[in-house]
Amino acid sequence: MSGIGPGIDRDALFAIEQMNKAYARCLDDDRLEGWPDFFLDDGRYLIQSRENRDAGLYGYILYFENRAMMRDRVTSLRVANYYNLHTDRHLIANVDILGVEDGVYDARANYAVIQTDAEGRSGLFSAGEYVDRIVFVEGAPKFAERLVLLDTSNIVGLLAVPL
Amino acid sequence: MAAMADNSGRIDRVSNTGGLVWPAEGWSRVPFELFCDPGIHEREDERLFRGPHWSYLGLEVEVPEPGDYTTSYVGATPVVLVRDEGGGLRAFVNRCAHRGAEVVRRPRGNARGFTCIYHNWSYDRAGRVVGVPWEKGRGGAGGYDPAFDKAQHRMRPLRVASWAGVVFGTFSDDAPPLDDYLGPAIRERLSAVFARPVAVTGYQRHTIRANWKLLYENSRDFYHAPQLHKFFGAFGIVQPDQAARAEMWHEGTHCLLTIYQNPDAGNRRTRLEEPRVAAFRTALPESIAISIVGIFPNCLFTLIGSAFSIRQFRPKAPDRFEVVYTYFTYADDPECLREHLFQNNQFGPAGYVAMEDAEVVEKIQARIALGADKGSGLVAMDGTDTTPERIDHMVSEANLRAMWKGYARFMGFAPPDGGRPGAAQEQTQR
């Protein structure tokens with residue numbers, strides 16, 4: 001499925017690449033209210049360090065198992081939480097499809113998030129991998145699950161906005 | 001980073017006067033230099049982390065089998081906790097007795113013994129040297145002097161003791177027995193928490209660009225909770241009862257916080273779409289909603305609902321420390337695990353009622369570092385006295401003052417009433 005060859009599902013790969021771009025722009029533009037719409041109603045959004053995953057542990061930094069929990073997150077960030085004033089810049093690369101089974105695409109991508117603080121200082125905030133299960137609903141890709149697998153398991157400061 | 005240059009005057013003053021003279025206003029003032037001064041930071045490593053205090057190392061369930069190990073830090077010093085052949089707990093400094101290289105390189109694992117990569121000195125599970133390449137020379141040349149006795153070399157051991165499966169270590173022969181160190185209230189709470197088998201569910205590393213004491217103090221600060229953390233209020237989540245208790249021990253530096261269930265809990269609805277995130281159905285005994293246990297100098301238990309965690313503090317510099325969370329829950333209850341996963345969204349570096357703590361201590365550090373040795377924080381809610389051993393309401397900072405008084409004593413700082421700084425050398429309970 002992956003790579004250049006006759007078996008590649010170019011249409012699906014293109015659609016998933018476009019979704020990743022839109023996902024990054026949604027978060028980077030601080031349009032957080034649109035973020036849950038990338039998921040199915042019962043879609044899962046998980047953040048876990050590679051250290052925990054490799055040890056067979058849960059250790060989720062965030063564990064959302066439906067879109068309602070994502071909407072709560074956005075509401076809380078808007079009305080309840082104080083967090084660092086910053087802008088994010090998601091860089092998503094190496095988007096690929098590793099397989100498909102019963103219409104569920106096993107997709108991956110690398111990400112890096114560069115964060116810039118209120119005084120204009122930029123730095124790498126997080127690097128890791130998106131481990132995705134994606135289905136197409138009326139021709140549009142949606143996350144059945146997005147697992148953010150952190151290489152940067154040591155969070156500096158705090159993590160408010162979704163990766 | 002705090003400037004290392006041009007601080008010699010401060011260090012001299014530290015050594016000459018016992019470190020610092022507390023402001024004359026008393027324990028309701030907390031000098032900012034406590035959070036910025038490199039000399040004080042070094043003194044803390046010597047007097048607190050390498051002094052007569054017990055530091056949290058891990059849980060026994062993390063090292064159940066012989067050879068299981070886990071690494072951490074006691075202050076600045078890297079240490080390894082190991083289960084030995086006989087089932088005993090050992091701890092040693094993770095530093096080769098030969099040239100000082102790191103020996104145990106993985107955070108956790110199981111090993112028959114340990115070998116330094118540099119010259120392959122090898123160690124048993126207690127950190128004793130068992131193998132030295134070319135010890136007797138090679139091809140008749142070289143080797144160590146016949147008088148060299150490798151049994152005289154080892155990675156430095158720590159005393160190890162545990163209570164209810166919670167393991168502590170100390171470098172000091174003068175630390176009191178662990179039971180006395182923890183005190184009756186904390187012993188009882190830990191025994192209750194660990195009365196059922198627990199399983200570690202994961203770890204979380206967190207770097208905070210602030211002085212470690214700001215967060216340690218924050219964990220007992222009743223005053224800030226409803227002011228800074230708006231999550232409960234914004235979603236109409238039933239808040240715990242105002243009935244609360246703070247019990248101090250170890251000169252006020254330990255603090256056992258207990259906040260009880262709100263009897264009104266069943267009668268209100270939250271605006272959270274997914275209320276399981278903030279359920280307070282507690283796995284704790286009695287009607288406890290929240291318990292936070294601060295065990296000086298490096299350990300905080302957070303026990304809320306089914307979201308249990310331990311935070312180990314690892315100071316790195318006056319203005320930077322790491323916290324490593326160990327999450328755990330009851331191993332015999334799948335429902336507990338499920339609640340645990342939902343409720344943990346509240347805690348840790350991304351937590352609904354925790355992210356603000358990291359933000360605010362970093363913002364304190366950023367401001368006070370501008371004038372490191374000028375000024376003090378004000379801690380005068382509910383009077384200016386240090387508290388007795390216990391307070392029974394939330395409208396108080398007396399438990400913070402008690403902590404600073406005990407801290408100053410352990411650090412050998414001159415107290416505000418002009419007492420003798422050296423009095424802090426004596427280790428007494430309360």
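Throughout, read-outs are computed from the coordinates displayed, never taken from laboratory work. Not measured: the values here are computed from a predicted model. As a convention, Cβ positions derive from the backbone with ideal geometry for all residues, glycine included, and neighbour counts pool all protein chains shown.
Can you tell me the order of A:39-47, B:161-169 when each peptide is scored by its average per-residue count of other Cβ atoms within 10 angstrom, highest first?
Most protected by this proxy first, the peptides run B:161-169, A:39-47.
Nearest 500 deg cm²/dmol is fine: what mean residue ellipticity at 222 nm does the protein assembly as shown get from its DSSP H runs of n ≥ 4 alone, each adding -39,500 (n - 2.57), divided by its residue count?
-6000 deg cm²/dmol
Could you tell me the calculated FRET efficiency between A:GLU33 and B:VAL21, based on Cβ-Cβ distance and R0 = 56 angstrom, to the nearest 0.05?
0.55
Can you compute 3J(HN,Hα) from phi for each residue in the stretch B:404-413, using the Karplus curve 6.51 cos²θ - 1.76 cosθ + 1.60 with θ = phi - 60°, rounded to whole Hz and x for Gly and Pro?
Using θ = phi - 60°, the values come out as 5, 5, x, 4, 4, 5, 5, 7, x, 7 Hz.
Taking Rh as the Kirkwood radius computed over C-alpha pairs, what is the Stokes-Einstein D of chain B at 4 °C in a medium of viscosity 1.567 mPa s, expressed in µm² per second? Numbers along the way, then the final one.
On the way: Rh = 23.1 Å.
Translational D for this selection: 56 µm²/s.
Expressed in nm to one decimal, what extension gain is obtained for the pair B:ASP392 and B:ALA192 from 0.36 nm per residue of sequence separation less their Cα-Cα distance?
Gain on stretching B:ASP392 to B:ALA192: 69.9 nm.
According to a simple spin-label model (label point 7 Å from Cα along Cα-to-Cβ), what is the distance in nm between A:ASP41 and A:GLU138?
Reported label-point gap for A:GLU138 and A:ASP41 is 1.4 nm.
Could you list, by residue number, the cysteines of the protein assembly as shown that have no other cysteine's beta carbon within less than 4.7 Å of their beta carbon?
A:CYS26, B:CYS36, B:CYS255, B:CYS299, B:CYS336
Would you calculate the separation in nanometres between label points at B:ARG156 and B:ASP173, each defined as 7 Å from the Cα along the Cα-to-beta-carbon direction?
About 1.5 nm, to one decimal.
In whole Å, what are the Cα extents of the stretch A:102-163 along the three principal axes, biggest one first?
47, 22, 16
What's the extension gain from B:ARG367 to B:HIS119 if we count 0.36 nm per residue and subtract their Cα-Cα distance?
84.6 nm
Divide the volume of the convex hull of the Cα atoms of the protein assembly as shown by its number of residues and quote the answer in cubic angstrom per residue.
Residue-normalised Cα hull volume stands at 192 Å³.
For the stretch A:1-85, I need the span (max minus min coordinate) of the C-alpha atoms along each principal axis, in Å, sorted largest to smallest.
51, 35, 27
Dipole of the stretch A:50-132 (Lys/Arg Cβ +1, Asp/Glu Cβ -1, origin at the Cα centre): which of A:GLY128, A:LEU62, A:LEU98 lies farthest to the positive side?
Ranked along the dipole, the leading option is A:LEU62.
Got a sec to turn the phi values of the stretch B:149-164 into Karplus ³J(HN,Hα) couplings, 6.51 cos²θ - 1.76 cosθ + 1.60 with θ = phi - 60°, whole Hz, x for Gly and Pro?
After applying 6.51 cos²θ - 1.76 cosθ + 1.60, I find 10, 5, 5, 7, 10, 6, 6, 4, x, 10, 5, 10, 8, 9, 10, 6 Hz.
Using θ = phi - 60° and the Karplus form 6.51 cos²θ - 1.76 cosθ + 1.60, what ³J(HN,Hα) does each residue of the stretch B:328-335 get, whole Hz, x for Gly and Pro?
These are the phi-based 3J(HN,Hα) values: 8, 8, 6, 6, 9, 9, x, 5 Hz.
When the dipole is taken about the Cα centre of the protein assembly as shown, and only Lys, Arg (+1) and Asp, Glu (-1) are charged at their Cβ, what size is it in debye, to the nearest 20?
1100
Per-residue mean of other chain beta-carbon atoms within 10 angstrom of the beta-carbon, peptide B:189-201?
For this peptide, the per-residue mean of nearby foreign Cβ atoms is 1.
Name all residues of the stretch B:341-376 having a backbone nitrogen under 15 Å from the label point set 7 Å from the Cα of A:HIS86 along its Cα→Cβ direction, giving them as ranges.
Taking a point 7 Å out along Cα→Cβ of A:HIS86, the residues of the stretch B:341-376 whose backbone N falls under 15 Å are B:349-351, B:355-363.
7 Å from Cα along Cα→Cβ at both B:ARG99 and A:LYS21: what's the point-to-point distance in nm?
With each label point 7 Å from Cα toward Cβ, the separation is 5.3 nm.
Evaluate peptide A:69-81: per residue, the Cβ atoms of other protein chains within 10 Å of its Cβ; return the mean as an integer.
Other-chain Cβ atoms within 10 Å of each residue's Cβ, averaged: 6.
Using Cα-only point scatterers and the Debye equation, what is log10 of I(q)/I(0) for the stretch A:10-150 at each q in 0.22 Å⁻¹, rounded to two decimals?
-1.62
Going by average Cβ density within 10 Å per residue, which order do the peptides B:23-36, B:205-218, A:125-138, A:107-120 take, highest to lowest?
Going from most to least packed, we get B:205-218, B:23-36, A:125-138, A:107-120.
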